[in-house]
Amino acid sequence: MRREVPLLICAIVGFTLIIVYFVPHPPFSDMRDLFSDWFSVIAAFAIYLGILNLLKNSVDKVFRKRSGWGFSIVIIAGFVLFVFIGLYEGSDFGEIGTRYYWLYDRIYFPLMATMFAILAFFIGSASYRAFRARNVEATVLLLAAFFVMLGRVPIGYYLTSWLPEGWRMGDVANAIMTYPQMAGQRAVMIGIALGIVSTSLRIILGIERTFLGGE
């Protein structure tokens with residue numbers, strides 16, 4: 001029963017949401033609204049469980065003095081500070097001018113911007129390794145990236161401003177982004193959609209059971 005009940009619930013919800021997409025009328029539409037409310041409640045509990053698990057692991061790391069326990073202190077202190085200030089501010093804690101908004105704007109937002117700034121360097125490093133002309137595919141990728149990047153900066157315009165309209169670097173970059181890039185992007189999106197459909201059907205039909213903790 002520990003496996004059959006979750007599989008039955010998953011099948012009922014999955015087939016109901018599929019049917020309501022084609023038959024958006026009661027009772028299926030009412031069941032869709034009910035399931036949506038359940039999803040919101042479950043997601044809220046999942047967030048709290050994730051927070052509690054993070055705090056538990058952080059406290060355990062601090063007490064055991066394991067590697068990186070100093071960062072765990074920062075996590076715990078930040079969590080306590082944000083929760084305390086949020087409760088102190090009341091229901092308007094997210095309004096501009098509150099202490100909570102000041103913490104978010106002066107601490108959380110700069111940290112998030114720093115993380116994405118560091119991510120840009122990792123992307124640049126990965127691009128350098130990927131754009132090495134080791135084979136035909138990598139050479140095509142390297143040339144396309146070169147033309148697009150050069151067409152997006154002013155120097156590309158000045159270097160090719162003497163060429164006729166349609167042959168300048170900006171025009172070449174736009175052509176690459178409009179045709180081959182868009183075709184590749186659509187192919188990737190189609191593949192993702194087919195993967196989502198196949199995985200969803202496997203879960204609904206009970207073929208895929210890894211979410212239950214089994215094989």
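Residue-wise test of (1) of a type in the set (A, V, I, L, M); (2) within 28 Å of the chain's Cα centre (by Cα).
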{"site": "Ala126", "(1), (2)": "yes, yes"}
{"site": "Arg129", "(1), (2)": "no, yes"}
{"site": "Val140", "(1), (2)": "yes, no"}
{"site": "Tyr157", "(1), (2)": "no, no"}
{"site": "Ala193", "(1), (2)": "yes, yes"}
{"site": "Val197", "(1), (2)": "yes, yes"}
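Criterion applied to Leu163, Leu119 was being in the same structural domain as Glu89 (by TED's automatic domain parsing) and either in contact with an Asp or Glu (Cβ under 8 Å, 6 or more places away or on another chain) or farther than 30 Å from Phe84 by Cα (or both), and the one residue passing it is Leu119.
Tell me yes or no: at least one residue of segment 82-99 is among the basic types (Lys, Arg), in contact with a helix residue (DSSP H, G or I) (Cβ under 9 Å, 6 or more places away or on another chain) and modelled with pLDDT of 90 or more. There is no residue in segment 82-99 that is among the basic types (Lys, Arg), in contact with a helix residue (DSSP H, G or I) (Cβ under 9 Å, 6 or more places away or on another chain) and modelled with pLDDT of 90 or more.
Quick grid of which residues meet (1) touching a Leu at 6+ places or on another chain (Cβ under 8 Å); (2) among the basic types (Lys, Arg); (3) closer than 30 Å to Gly213 by Cα; (4) part of a helix (DSSP H, G or I):
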{"site": "Leu8", "(1), (2), (3), (4)": "no, no, yes, yes"}
{"site": "His25", "(1), (2), (3), (4)": "no, no, no, no"}
{"site": "Phe45", "(1), (2), (3), (4)": "no, no, yes, yes"}
{"site": "Glu89", "(1), (2), (3), (4)": "no, no, no, yes"}
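The values are calculated or read from the model by the stated rules, or taken from the named source; none is laboratory data. In this text the structure is predicted, and so the values were computed from the model without any measurement. Cβ atoms come from the backbone with ideal geometry, glycine included; neighbour counts cover every protein chain shown.
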